[in-house]
Structure formats: C-alpha cells, structure tokens
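Engineer: For reference, the structure I am asking about is given below.
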Amino acid sequence: MPTDKPQLLAPADGRPNERIRRGASVALSDDDASEHSAPLVQPSRWPALRFEERPWTIPDSSSRSERRRLSDSYQAAVVSPIAGIERVPLPSEVEGLVADASAEIARFDAEVGADIAPFSSILLRSESAASSRIENLTASAKAIALAELGDLSRRNAAVIVANSRAMQAALQLADHLDEDAILAMHSALLASTHPEWCGHWRTEQVWVGGSNWGPFEAQYVAPHHDRVPAAMADLVSFLDRDDMAPLTQAAVAHAQFETIHPFPDGNGRVGRALIHALLKGKGLTRQVTVPVSAGLLVETESYFRSLDAYRQGDPAPLVRRLADASYAAISNGRQLIGDLHTARAKWDDRIKARRDAAAWQLADLLLRQPIVDSRLLQQEWSAPARTAERAIDTLAEAGVLTKVSGNFRDRKWAANDVFRALDDFASRAGRRGSPAPGYAAHRPTELRRGTAASPSPARGVDVVG
C-alpha cells in the first residue's frame, strides 16, 4: 500500500515502469521537495524526468474486475528545475543550425516589416490556424474569417479565432513574461468557453490516454498539481535569462512548459504562443509572427518524438526541429506573401475607380481582412454606410469580392483570391482537414483529469492542447 508521502522514482530514460518493476523507489526527501528553489550544477546531459509514486483511491462504483486490475497508486512526472542550469548542452552542429535559422528569421522579419502591405496580421492568423491544427483542430481559412466577424456556427473555426487572441496576447505581453502573462495568454484562449479554468494553474491531476478510472496505463502523467506553481516559477526565471540564443531558449521553454502541462486544456497552443512571445521579447522578431507551427506541421511526428526526447534528457532534437521548422515556415510564408502580391496586382487591372476612391482602400484591407461587410468598413473608416457599400459594389463588379452569406442588410463578401492563397499555404504545411503523416500515431487524443480522492471515476474529457 502506498504511504501518504510521495515516493520519488529515479528516471530510466524517461520511462517510469522499468524502474518501478525493479523496485527502484526512494522516499521523497526534504531536499527533493524544495528542489525548484535550488540551482543545479551543469549536468553532463539535460535532466531527464523523474517520477514519483502518488496514492489513488479506486472509486467504489468501479467493477470488481476493474478494482483487481487497477492500482491504488500511480506514477506522476517530476520535472527538474532548469533556471539555474549553466547552459543547454547542444552539439556544435545544432548550435550552428540555430545561428543560421536565427539570421534567416531576422531577415524575414525585416523583409515583411518593410512591406507596405499588412502581412503581419495574415501571418499571425495563419500561425494560429497551424498551431490549432497540430491539435487536430481544422477549419478553412474562410470559416475562420467568418468566425472573426461573429459567425460561430463552426466550432473549430471559433476555437482557432480564440487561439489568434491568445497569440495576440502573447505578443503584447512579450516584454514581461511572468506567471501573470502566461495566465493572460491562457485566458485569452479559453475565457469564453471555460472561464473556470482561467486565471490559475490547474488544481487536479491530468494525464494523457489510459483509463477513465485514474492515471493508469497512461501515455503521459503530468506532474502532480501541487508541483505546478514551483515548476512554473522556475520556468519564468528561465525565460528571464539573456545568456543564450533566443531560438534555443524558446525551444527549451516550450518543451518544459508542455512537460509541466500547467492547465487542464490549451497547453499546446499556449506553449507555441510562448515561443513567439519569447522570440519577440528577446528581439529576434520585431514586426511579424514567423509561422513556425506551419513548419512543425511538415513533420509533426518528428515534433512529438523530439518532445519525448526532451523528457528523456536530450533537448537537441527539439532545438533542431524548431530551427528546421523556422526554415520551412519562412519559405512557406514568403510564398504566401508572393501569392498575395500577385492577387493584389491582378485587382489593379480589374478595379475601375478613381485613384482616391474608397475601393482602393478596401482592396488593401482585404489582404488582412479577406471577409468584410458594410458594418465592418464603417467602423474601420469611420465612414457612412453609403461609402462602405459603394466600395463593396465596385469590387464586386470587378470580380474581387463574392457574396458568401447574409441578407441584404447583413451581406458578407469574400476575396476568394486571398483564400486560395491561404489554403495553398495550409496545403504546403500539410493537408488541411486531416492530420499530417504520423500524426495519429503520436498525437494523444484525450487529456484526462481527476482527483485522487474522487468517489466516482475520473472523467475522461475530449480536451485538446
């Protein structure tokens, strides 16, 4: 029978069960309990996960066979503090790749920032969609744009719009990344759907896969919720360091965040928003959001394998993966911007209006807001309805805009050339509407949560990261 005191289990390449079968458990000492406040010396390799034994009460409502099969304890991950580690141990080849990728990111940021077209908004929207898609949340670019205008009939599109808000919050808070900033990112993502989860770290155990009755046979059991505040305080201290390459720091911070899993839901999306906040806060990006999630989608299987490697004590695969993803994202982003420039030039030949007409303003606006209605234009321009409607009519006659929904007073119009470019962007990152190759094999589909003393089975919920 387990004692009330947690048992700390030494790591075995990140797999707890081997050590458990060999009986390699020791009582959790006072030094272990306060480990987050003590700096570590430089290890020969990055610290792997350890595991601790925690008690679990099997509910009386479970069947006799379930009670025989299940245990009265489970193993939860224990993350080591990283803020005091002298350096991230990386092969020289990976450090060189990081330096080259960082230079390319800065170059892309300068290119797009100097462009008069409003591409920063559309890149952020594309990154939000790609990050959501890693969690198997997909929607067309058109459905997402409609959701931004209030059409919430497509659930996934509404969730992706919330992810855009989280990305925006992350970028706005980039200069001061503390616990409150991370909680604010999470609130921007989930406040409209799960306000009870917002504004604080999780207060119950969560695990991925396995049984509804408890964290048994799970693919991953996150740290016990009692450990989350200290782990997040240590992560924030790591974010505050200025002695390493921002891309390396972002990769490690992302992996540590995903390993802590501080929320009941939204960890993956907030964790990738954290990448962008850190890159901006450290000055590597200034103008745009590099769509790294679109780069990660190119090899999603490799992304999840690299997270596993991090938990086993090797950060190099994830750092390499993020650098490679940056190259893929920049290549894809450049093509998107080229396609949008081509579309905009084509409209110049079609639009028949005076050069000072509002129709030209609308043509530029469509590059960042490819679905519009009269009300939006009135607000955007502080203009009367007749000005907005005349601009829409001019672009509709030119074939630039097509009506997509609404009655006479609430018609919405789409720039299909922009949506073709956006859908091509998504297609290059991985087929939109289905997982990238290897996704199903490596992406857990259920995050479960519960409490050890619950009198009923812990409820498995369809919660994505």
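Engineer: Can you find a residue that is among the acidic types (Asp, Glu) and either in contact with a strand residue (DSSP E or B) (Cβ under 7 Å, 6 or more places away or on another chain) or assigned by TED's automatic domain parsing to the domain that holds ASP115 (or both) anywhere in the range 365-375?
Structural biologist: yes
Engineer: Please enumerate the residues belonging to the range 345-389 that are of a type in the set (Phe, Trp, Tyr) and crowded, with 18+ Cβ neighbours inside 10 Å.
Structural biologist: TRP347, TRP360 - these are the residues of the range 345-389 that are of a type in the set (Phe, Trp, Tyr) and crowded, with 18+ Cβ neighbours inside 10 Å.
Engineer: Output the residues belonging to the range 374-424 that are of a type outside the set (Val, Ile, Thr), in contact (Cβ under 8 Å) with a residue 12 or more places away in the chain and not in a helix (DSSP H, G or I).
Structural biologist: ALA383, ALA398, GLY399, LEU401, SER405, GLY406, ARG411, LYS412, TRP413, ALA414, ALA415
Engineer: Being assigned by TED's automatic domain parsing to the domain that holds LYS282, modelled with pLDDT of 90 or more and closer than 28 Å to ASP423 by Cβ is the requirement here; does MET167 meet it?
Structural biologist: no
Engineer: Suppose we filter MET185, MET167 for residues that are more than 27 Å from ALA77 (Cα to Cα), in contact with a helix residue (DSSP H, G or I) (Cβ under 8 Å, 6 or more places away or on another chain) and not polar (S, T, N, Q); which single one remains? Step through it out loud before you land on a result.
Structural biologist: Values: MET185 fails: more than 27 Å from ALA77 (Cα to Cα).
Criteria check complete, one pass: MET167.
Engineer: Further question on the same structure: Among the candidates SER126, SER121, SER80, which residue alone is within 30 Å of ALA421 (Cβ to Cβ), touching a Pro at 6+ places or on another chain (Cβ under 8 Å) and at pLDDT 75 or above?
Structural biologist: SER126
Engineer: Something else: Answer yes or no: is there a residue in the range 306-313 that is over 24 Å from ALA421 (Cβ atoms), crowded, with 23+ Cβ neighbours inside 10 Å and either under 14 Å from the mean Cα position of the chain (by Cα) or acidic (Asp, Glu) (or both).
Structural biologist: Looking for residues that are over 24 Å from ALA421 (Cβ atoms), crowded, with 23+ Cβ neighbours inside 10 Å and either under 14 Å from the mean Cα position of the chain (by Cα) or acidic (Asp, Glu) (or both), one finds none in the range 306-313, hence no.
Engineer: If I filter the range 57-67 for residues that are surrounded by fewer than 19 Cβ atoms within 10 Å (Cβ to Cβ), of a type in the set (Lys, Arg), over 22 Å from ILE260 (Cβ atoms) and at pLDDT below 75, do I get at least one hit?
Structural biologist: So far as the range 57-67 goes, yes, one or more of its residues are surrounded by fewer than 19 Cβ atoms within 10 Å (Cβ to Cβ), of a type in the set (Lys, Arg), over 22 Å from ILE260 (Cβ atoms) and at pLDDT below 75.
Engineer: Here's something else I'd like to know. Does SER44 qualify as being surrounded by fewer than 16 Cβ atoms within 10 Å (Cβ to Cβ), modelled with pLDDT of 95 or more and not aromatic (Phe, Trp, Tyr)?
Structural biologist: When the stated conditions are applied, SER44 does not pass them.
Engineer: Among what's in the range 189-222 and is within 18 Å of ASP308 (Cα to Cα) and not aliphatic (A, V, I, L, M), pick the residue that is farthest from the chain's Cα centre (by Cα).
Structural biologist: GLU217
Engineer: Which of the residues belonging to the range 255-273 are of a type in the set (A, V, I, L, M, F, W, C), part of a helix (DSSP H, G or I) and at pLDDT 95 or above? It would help to see each step written out before you state the result.
Structural biologist: If we filter the range 255-273 for residues that are of a type in the set (A, V, I, L, M, F, W, C), which is where we start, we get 255, 257, 260, 263, 270, 273.
Restricting the remaining residues to those that are part of a helix (DSSP H, G or I) gives 255, 257, 260, 270, 273.
Residues satisfying the conditions are ALA255, PHE257, ILE260.
The values are calculated or read from the model by the stated rules, or taken from the named source; none is laboratory data. Keep in mind that this is a model prediction, so the values were computed, not measured. Note that we place each Cβ from the backbone using ideal geometry, even for glycine, and neighbour counts take in every protein chain shown.
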